[in-house]
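Please read the structure below before turning to the comments.
The values are calculated or read from the model by the stated rules, or taken from the named source; none is laboratory data. Because the structure is a prediction, the values reported are computed rather than measured. Here the Cβ is made from the backbone with ideal geometry for all residues, glycine too, and neighbour counts use every protein chain on show. With ligands, DNA and RNA removed, areas are computed over all heavy atoms of the protein, side chains included. Shrake-Rupley method; radii C 1.70, N 1.55, O 1.52, S 1.80 Å.
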Amino acid sequence: MAGIGIKLNRIFEKNTITTHLAGFAYSSMSTVTPMLVVILNILLMSHFLGFDQLGFVERELFSCTVLYIFIFALLTAAPFNSVLSKYMSDVVYEERYEDIRPCYFFGLFLNIALSSLVGIPFCLWEHFVGKVDVFYTFTGYCGYIGLVLVFYSMIYLSISKDYQKISLFFSIGMLWAFLFSLFLRFIMDWGIRESMLFALMTGFFLTAFLELAIIKRYFVKNSNRYKPVLRYFGKYWKLVVANFFYILGLYVHNFVFWNTDMRLVVVKTFVCNQPYDMATCLAMFTNISTTIIFITRVEMHFHDKYKAYSEAVIGGKGADIDSAKKQMFRQLSAELMNLVRIQFIITAVVYLIAVVFLPRFGISPLTMRIYPCLTAGYFILFLMYAEIIFLYYFDDLTGAMCTSLVFCLVTFLGSIVATYLPELWYGIGVVAGAFCGWTFAYFRLRFMERHLDAHIFCKGSLLKPGMGTRPPAKVFDRKESAVGEASAGGR
């Protein structure tokens with residue numbers, strides 16, 4: 001993440017209110033702009049194309065289609081993102097840039113294969129059971145694949161530190177989608193629902209195409225070495241588990257409430273829970289600044305301490321290593337505490353604004369009753385994710401994996417219990433899961449602080465591992481006669 005840090009340091013070095021606002025805007029553009037421009041585009045298309053004129057079933061069908069596209073594109077990309085990011089980082093560090101293209105295409109094949117296994121049966125069910133027309137079903141499937149391509153290619157641009165280009169490509173794709181939807185609706189006389197979904201699908205593919213073009217421009221050579229990529233999935237399988245269960249934990253509570261009496265079934269295919277899903281979205285946006293603050297502060301402060309410790313390990317004295325380690329963990333604790341303090345103030349202010357103004361914009365009272373508990377849950381959840389990132393810094397894959405598993409499992413069980421509680425406590429599963437995950441990650445970081453020397457210096461083996469027959473445990477034979485002769489000769 002050092003790419004943003006250099007730019008942020010230049011912005012914040014003057015230490016004025018203006019530069020702080022500029023730094024916040026820059027970090028926002030580098031992190032959450034893609035999500036915001038997609039939401040803004042859908043709102044603009046809905047307004048100008050007259051989405052409110054559609055019937056209830058048609059509106060819900062479009063909303064559920066977009067919801068499912070995003071959720072399952074994230075879930076199917078989750079098993080690959082972390083491992084491929086690790087492989088890319090190692091390749092860049094070793095300057096083997098010719099191995100990046102094989103990594104891209106092999107990972108793309110695996111991702112598309114998994115996404116198809118999930119998407120094709122669902123689309124067949126949507127058409128034959130839900131009686132949704134072929135064109136709309138196929139358009140939704142293409143939009144799902146297009147977003148899978150977008151999320152997958154974002155990994156490589158993130159490794160290349162091109163966060164601005166990610167935001168730029170999303171903006172271009174969504175601008176095209178908005179203009180194309182107007183063309184389809186008012187020039188080609190397509191239906192409102194079909195115009196919006198088809199234009200959104202083409203916007204996703206345009207974004208993916210732009211990302212692919214810049215990747216091919218950056219990485220020209222191709223070594224055609226695919227086996228090392230596959231071996232990484234076996235070697236770092238804990239990364240697969242950690243990332244997948246973290247993403248699953250973000251939505252598992254929604255899945256639980258999709259199976260309650262509050263659920264809404266659309267065309268016998270899509271299932272959702274409008275009040276709970278809306279409250280989840282609001283809670284996430286209330287705390288989304290945590291991501292911005294965390295990236296900003298880690299890039300500006302912690303990364304330098306981590307780099308100093310790494311350099312001390314490579315060529316420093318024992319005292320220098322101990323001193324650098326203490327400074328690094330002291331900075332880590334400070335960043336976590338500052339993140340809690342700053343985000344608490346922001347969350348409290350945004351929450352008060354939401355409680356006052358959102359009901360005036362048509363947000364249902366049921367959604368507003370569910371919203372507070374979920375807000376508290378997402379506040380803790382994003383803090384937990386910050387600790388997972390720190391565990392990645394120390395190569396503690398076991399700790400990151402266990403944190404994600406604890407978070408997902410407790411959230412799932414807690415959400416089941418919450419379905420029997422009053423509406424005010426529907427989000428208690430997220431609160432319990434995030435708190436348990438945060439607590440486990442905290443004590444794991446403390447464990448790493450106490451045992452970091454053993455983790456760094458006692459990892460690995462002196463001999464190169466290999467396959468074959470295990471050598472005998474006996475090293476030599478001691479002959480008593482030889483020992484006795486030597487003793488006698490000495491006398």
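To keep it simple, each residue is scored yes or no on (1) at pLDDT below 90; (2) closer than 16 Å to Phe180 by Cβ; (3) not aliphatic (A, V, I, L, M).
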position	(1), (2), (3)
Met29	yes, no, no
Val32	yes, no, no
Ser46	no, yes, yes
Leu49	no, yes, no
Leu54	yes, no, no
Cys64	no, no, yes
Leu67	no, no, no
Ile71	no, no, no
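Exactly one residue out of Phe209, Phe186 is open to solvent by 80 Å² or more (accessible area, probe 1.4 Å), under 24 Å from the mean Cα position of the chain (by Cα) and free of Cβ contacts under 8 Å to residues at least 12 places away in the same chain: that is Phe209.
Of Gly234, Gly249, all but one fail to be under 23 Å from the mean Cα position of the chain (by Cα) and free of Cβ contacts under 8 Å to residues at least 24 places away in the same chain; the exception is Gly234.
Being of a type in the set (Ser, Thr, Tyr), out of contact with any strand residue (DSSP E or B) (no Cβ under 6 Å at 6 or more places or on another chain), at pLDDT 95 or above and surrounded by fewer than 23 Cβ atoms within 10 Å (Cβ to Cβ) is a condition met by no residue of the stretch 154-173. The lone criterion from (1) without any contact (Cβ under 8 Å) to a residue 40 or more places away in the chain; (2) more than 29 Å from Met278 (Cβ to Cβ) left unmet by Ile155 is number (1).
Which count do you get for residues in the stretch 392-441 that are outside any helix (DSSP H, G or I) and open to solvent by 50 Å² or more (accessible area, probe 1.4 Å)? Selection size over the stretch 392-441: 4.
Scan the stretch 121-136 and tell me whether some residue there is charged (D, E, K, R) and either in contact with a strand residue (DSSP E or B) (Cβ under 7 Å, 6 or more places away or on another chain) or within 20 Å of Arg185 (Cβ to Cβ) (or both). Break it down into steps so the answer makes sense when it comes.
Keep residues of the stretch 121-136 that are charged (D, E, K, R), which gives 126, 131, 133.
If we keep only those that are either in contact with a strand residue (DSSP E or B) (Cβ under 7 Å, 6 or more places away or on another chain) or within 20 Å of Arg185 (Cβ to Cβ) (or both) as well, we get 133.
Scanning the stretch 121-136, I find at least one residue that is charged (D, E, K, R) and either in contact with a strand residue (DSSP E or B) (Cβ under 7 Å, 6 or more places away or on another chain) or within 20 Å of Arg185 (Cβ to Cβ) (or both), so the answer is yes.
Kindly indicate whether Phe151 is closer than 24 Å to Arg59 by Cβ and open to solvent by 30 Å² or more (accessible area, probe 1.4 Å).
no
Yes or no: Tyr276 part of a helix (DSSP H, G or I), at pLDDT 75 or above, surrounded by 21 or more Cβ atoms within 10 Å (Cβ to Cβ) and hydroxyl-bearing (Ser, Thr, Tyr)? The answer is yes for Tyr276. A single entry from Val271, Val256 fulfils the requirement of being touching a Lys or Arg at 6+ places or on another chain (Cβ under 6 Å) and either part of a helix (DSSP H, G or I) or modelled with pLDDT under 95 (or both): Val271.
For the stretch 128-158, a residue qualifies if it is of a type in the set (S, T, N, Q), more than 13 Å from Leu200 (Cβ to Cβ) and over 18 Å from the mean Cα position of the chain (by Cα), and exactly one does: Thr137. Residues of the stretch 295-305 include none that is open to solvent by 20 Å² or more (accessible area, probe 1.4 Å), of a type in the set (S, T, N, Q) and part of a helix (DSSP H, G or I).
Let's see how each residue does on (1) within 24 Å of the chain's Cα centre (by Cα); (2) of a type in the set (D, E, K, R):
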{"site": "Arg330", "(1), (2)": "no, yes"}
{"site": "Leu339", "(1), (2)": "yes, no"}
{"site": "Ile346", "(1), (2)": "yes, no"}
{"site": "Val349", "(1), (2)": "no, no"}
{"site": "Val356", "(1), (2)": "no, no"}
{"site": "Arg360", "(1), (2)": "no, yes"}
{"site": "Ser364", "(1), (2)": "no, no"}
{"site": "Ile370", "(1), (2)": "no, no"}
{"site": "Cys373", "(1), (2)": "yes, no"}
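Per the conditions (1) crowded, with 22+ Cβ neighbours inside 10 Å; (2) closer than 17 Å to Ile100 by Cβ, the sole criterion not satisfied by Met196 is (2). Is it true that some residue in the stretch 133-154 is out of contact with any Asp or Glu (no Cβ under 7 Å at 6 or more places or on another chain) and not in a helix (DSSP H, G or I)? Checked against the condition, which is being out of contact with any Asp or Glu (no Cβ under 7 Å at 6 or more places or on another chain) and not in a helix (DSSP H, G or I), the stretch 133-154 yields at least one hit.
Report, by residue number, each residue of the stretch 218-237 that is assigned to a helix (DSSP H, G or I) and either closer than 25 Å to Met401 by Cβ or at pLDDT 85 or above (or both). Steps first, answer last, please.
Restricting attention to the stretch 218-237, the residues satisfying the condition of being assigned to a helix (DSSP H, G or I) are 218, 227-235, 237.
Result: Lys227, Pro228, Val229, Leu230, Arg231, Tyr232, Phe233, Gly234, Lys235, Trp237.
Is at least one residue of the stretch 82-105 modelled with pLDDT of 60 or more, under 30 Å from Leu230 (Cβ atoms), acidic (Asp, Glu) and open to solvent by less than 10 Å² (accessible area, probe 1.4 Å)? Looking through the stretch 82-105, at least one residue is modelled with pLDDT of 60 or more, under 30 Å from Leu230 (Cβ atoms), acidic (Asp, Glu) and open to solvent by less than 10 Å² (accessible area, probe 1.4 Å).
The set of residues in the stretch 320-373 being open to solvent by less than 70 Å² (accessible area, probe 1.4 Å) and of a type in the set (D, E, K, R) consists of Asp322, Lys325, Glu335.
Residue by residue, here is whether (1) of a type in the set (Asp, Glu); (2) in a helix (DSSP H, G or I); (3) in contact (Cβ under 8 Å) with a residue 60 or more places away in the chain holds:
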| site | (1), (2), (3) |
| --- | --- |
| Met88 | no, yes, yes |
| Val91 | no, yes, no |
| Glu98 | yes, yes, yes |
| Pro102 | no, yes, yes |
